[in-house]
Amino acid sequence: MSNSPKARIVCCIGDTHGYITKLQNLWSNLETQIDPSQFQTATIIFLGDYCDRGTNTRQVIDFLIALPSRYPHQNHVFLSGNHDLAFAAFLRLLPPPPDGSEFSDGWKEYEASEEREGWFKGDGYENMHLQGRRWGGTIKVKFNTAKGTEYQGSIYDAGPTFESYGVPHGSADLVKAVPDEHKKFLADLVWVHEEDDVFVNTDGGVKCCKLIAVHAGLEKEVDVKEQLKLLKARDTRVTKVEALSGRKNVWDIPEELRASPTIIVSGHHGKLHVEGLRMIIDEGGGYEHKPVAAIVLPSMKIIRDTDVLAK
C-alpha cells in the first residue's frame with residue numbers, strides 16, 4: 001500500500017456488535033495489508049457499538065482492552081455507540097447530569113413507548129438513564145420488521161450481551177458479572193474524536209483534512225460548535241444523543257464544515273457509504289452474514305474481515 005511519506009495511517013473500524021471472530025479476522029487483514037512499520041504507529045479509531053446482537057461481547061471488549069499493551073506505539077480511540085451508551089447506562093456508569101437533575105426526569109418525553117418497549121423495572125431502575133432501561137427491558141413485540149429479524153430481548157438486541165457475561169437477559173446481576181476493567185472501558189468511551197492533518201487520496205490528489213469521528217454523525221441543521229461542546233462534555237441531560245443514534249438528520253456533512261476540508265466518519269447506519277469526505281463504515285450492521293469493515297486513510301482502501309489474502 002503506497003502512501004505519501006508524510007501521511008500517517010488512520011484506520012477507522014466499523015461496528016463490531018459482539019462478533020469476536022470477525023474482529024480478529026479484520027485485525028489480521030489490517031495487519032497484513034498495511035505496511036508493518038506504518039501499522040505499528042497507526043491511529044486506530046473504533047467507531048462504536050461493540051456489544052449486542054453477536055454472541056461474544058465479553059470477548060470483543062477483552063480484545064479491545066488488550067490492544068494498547070499489544071501495540072504500544074499505536075494510538076487507539078474508542079468511540080461510544082448508542083448501544084454502548086445504553087450498556088453503560090444499565091451499569092450506572094454514565095456521568096450524572098451536570099445541572100443536578102435526575103436521569104428519571106428524561107423518561108417523561110418517551111413514556112408513551114414504555115409499555116411497548118418493556119422498559120427495565122428491576123433492581124436499580126429508579127434513577128437509571130432512559131437508554132439503560134430500554135436496553136435492559138423486554139420488548140413486547142417479537143419481530144423487527146425493519147431488519148427482518150426477531151428482537152433478541154430488548155429494543156437494542158441486548159440479550160446476547162447479558163448471556164456473554166453468564167446471566168440471563170434483563171437480570172440486574174449483570175452489574176456484578178461485568179468485570180471492573182470492562183466497566184472502566186465503557187465509562188471511558190468518548191462521544192466524539194477530532195484529528196488534524198489527516199491525508200486523503202482524492203481524484204484531485206492528496207488532500208489534508210480535519211477529521212471528526214462520531215458514531216452516527218453530526219446534525220445538519222444544528223450549530224456544529226454546540227454539538228461538539230455537548231459531545232465532548234458527554235452531557236447526559238440529553239436523553240437521546242442524535243450524534244450517536246440519529247439517522248437521516250446526521251447523514252450529511254453540515255454545510256458550515258464544507259468551507260474547509262473536513263472528513264466526517266461514522267458507523268451506525270448498517271451501510272458502507274463513502275461519498276467525498278462523508279464516510280459511513282458499518283457494512284456489518286450487526287448481521288451475522290455481513291462483514292465488518294474498516295477504511296484506511298489516506299488510501300481510502302476498504303478492508304473486511306472476509307478478505308481472502310493471496311498466499
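The values are calculated or read from the model by the stated rules, or taken from the named source; none is laboratory data. Nothing here was measured: the structure is a model prediction, and the numbers come from that model. Positions of Cβ are generated from backbone atoms using ideal geometry, with glycine treated the same way; all protein chains shown enter the neighbour counts. Heavy atoms of the whole protein, side chains included, go into the accessibility calculation; ligands, DNA and RNA do not. Shrake-Rupley method; radii C 1.70, N 1.55, O 1.52, S 1.80 Å.
From the list Phe162, Phe199, pick out the single residue that is part of a strand (DSSP E or B) and either surrounded by 19 or more Cβ atoms within 10 Å (Cβ to Cβ) or hydrophobic (A, V, I, L, M, F, W, C) (or both).
Sole residue among the options that is part of a strand (DSSP E or B) and either surrounded by 19 or more Cβ atoms within 10 Å (Cβ to Cβ) or hydrophobic (A, V, I, L, M, F, W, C) (or both): Phe199.
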Please go through (1) among the hydrophobic types (A, V, I, L, M, F, W, C); (2) out of contact with any helix residue (DSSP H, G or I) (no Cβ under 6 Å at 6 or more places or on another chain); (3) open to solvent by 30 Å² or more (accessible area, probe 1.4 Å) for Leu30 and return the number of the only condition it doesn't satisfy. (3)
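Does region 203-229 hold any residues that are of a type in the set (A, V, I, L, M, F, W, C) and open to solvent by 70 Å² or more (accessible area, probe 1.4 Å), and which are they?
Result: Val206, single match.
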Sole exception among (1) touching a Lys or Arg at 6+ places or on another chain (Cβ under 9 Å); (2) farther than 27 Å from Phe185 by Cβ; (3) among the charged types (D, E, K, R) for Lys108, by number: (1)
Take region 165-176 and flag every residue that is outside any loop (DSSP other than H, G, I, E, B) and open to solvent by less than 30 Å² (accessible area, probe 1.4 Å). Leu174
For region 287-305, enumerate the residues that are open to solvent by less than 10 Å² (accessible area, probe 1.4 Å) and part of a loop (DSSP other than H, G, I, E, B). Val292, Pro298
Going through region 118-133 one residue at a time, which ones are farther than 14 Å from Thr236 by Cβ and surrounded by fewer than 20 Cβ atoms within 10 Å (Cβ to Cβ)? Lys121, Gly122, Asp123, Gly124, Tyr125, Glu126
Within region 14-23, restricting attention to residues that are at negative phi and out of contact with any helix residue (DSSP H, G or I) (no Cβ under 7 Å at 6 or more places or on another chain), which residue is surrounded by the fewest Cβ atoms within 10 Å (Cβ to Cβ)? Thr21
Note: among Lys147, Lys121, just one is assigned to a loop (DSSP other than H, G, I, E, B) and under 25 Å from Asp15 (Cα atoms), namely Lys147
Given the criteria in contact with a Gly (Cβ under 8 Å, 6 or more places away or on another chain) and polar (S, T, N, Q), does Asn75 qualify? no
Which ones in region 184-196 are in contact with a Leu (Cβ under 6 Å, 6 or more places away or on another chain), part of a helix (DSSP H, G or I) and surrounded by fewer than 20 Cβ atoms within 10 Å (Cβ to Cβ)? Ala187
Selection from region 83-116 of residues open to solvent by 10 Å² or more (accessible area, probe 1.4 Å) and of a type in the set (Asp, Glu) yields Asp99, Glu102, Asp105, Glu109, Glu111, Glu114, Glu115
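Restricting attention to region 134-144, and to residues there that are open to solvent by 20 Å² or more (accessible area, probe 1.4 Å) and assigned to a loop (DSSP other than H, G, I, E, B), which single residue is modelled with the lowest pLDDT? Spell out how you get there, then give the answer.
To start, the set of residues in region 134-144 that are open to solvent by 20 Å² or more (accessible area, probe 1.4 Å) comprises 134, 138, 140-143.
Filter again for assigned to a loop (DSSP other than H, G, I, E, B), leaving 138, 140-142.
Values: Thr138: 96, Lys140: 92, Val141: 88, Lys142: 85.
If we take residues in region 134-144 being open to solvent by 20 Å² or more (accessible area, probe 1.4 Å) and assigned to a loop (DSSP other than H, G, I, E, B), then Lys142 is modelled with the lowest pLDDT.
Would you tally the residues in region 212-242 being part of a helix (DSSP H, G or I) and either in contact with a strand residue (DSSP E or B) (Cβ under 7 Å, 6 or more places away or on another chain) or touching a residue at least 40 places away in the same chain (Cβ under 8 Å) (or both)?
The number of residues fulfilling the criteria is 3.
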Looking at (1) open to solvent by less than 60 Å² (accessible area, probe 1.4 Å); (2) at pLDDT 95 or above, which is the one condition that is false for Arg234? (1)
